[in-house]
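Worksheet: the structure to be examined is printed underneath.
Any read-out appearing in this document is the output of simple, stated calculations on the displayed coordinates, not a laboratory observation. As the structure is a computational prediction, the values presented were derived from the model and not from experiment. Note that each Cβ is placed from the backbone with ideal geometry, even for glycine, and that neighbours are counted across all protein chains shown.
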Amino acid sequence: MLYTPLSYEDINGLGDEYKQYEVIKYQNKQCCIERMQNGDMRLVQLLSTDPNDFLLNDFIPGTIISNQRTSQ
């Protein structure tokens, strides 16, 4: 049994639709993102054990992260 915030599919890599996701560090927090055709990224999931991180507006699922903002 694994105790992790990741889904079973993320750990085992099942399904082709999961290949489009990447884990990056954004504002010193681990995030699962989906790359868009224009080069921007869409936040899919925040990977954190700190409950306060989930209250930050920058980490709401679906938030668009532009290429200019990733250098922060």
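Per-residue packing, averaged as other Cβ atoms within 10 Å, sorts the ranges 37-48, 55-66 into the order 37-48, 55-66, beginning with the highest. With K and R counted +1 and D and E -1, the other residues having a Cβ less than 13 Å from that of Pro61 yield a net charge of -2.
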